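The values are calculated or read from the model by the stated rules, or taken from the named source; none is laboratory data. Fair warning: this is a prediction, and the values are worked out from it, not measured in the lab. Using ideal geometry, Cβ is built from the backbone for each residue, glycine included, and neighbour counts are taken over all protein chains shown. Protein only, heavy atoms only, side chains kept; ligands, DNA and RNA dropped before computing areas. Shrake-Rupley method; radii C 1.70, N 1.55, O 1.52, S 1.80 Å.
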Amino acid sequence: MIVTILYYLLVAFVAFLVIRNLLKSREWQEEALYVVFLIPLLLRLLRLK
């Protein structure tokens, strides 16, 4: 149970960092890369596979 909570907190933190970098980015290639990386993180936070 504790490991699951820590896992979701870690995923949320990484997703927050990726979103922050996405908003700061000015190049569309970087933005696309951030979105591709962010999708699995958001799906994990929503407990979807």
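Which ones in the chain are outside any helix (DSSP H, G or I) and among the charged types (D, E, K, R)?
The initial filter retains those residues of the chain that are outside any helix (DSSP H, G or I), namely 1, 25-27, 46-49.
Listed by number, the residues that qualify are R26, E27, R47, K49.
Among residues of the stretch 1-26 that are in contact (Cβ under 8 Å) with a residue 12 or more places away in the chain, those with a Cβ under 8 angstrom from a residue that is open to solvent by 80 Å² or more (accessible area, probe 1.4 Å) and of a type in the set (K, R), sequence gap 6+ or separate chain, pair up as Y8/R44; V11/R44.
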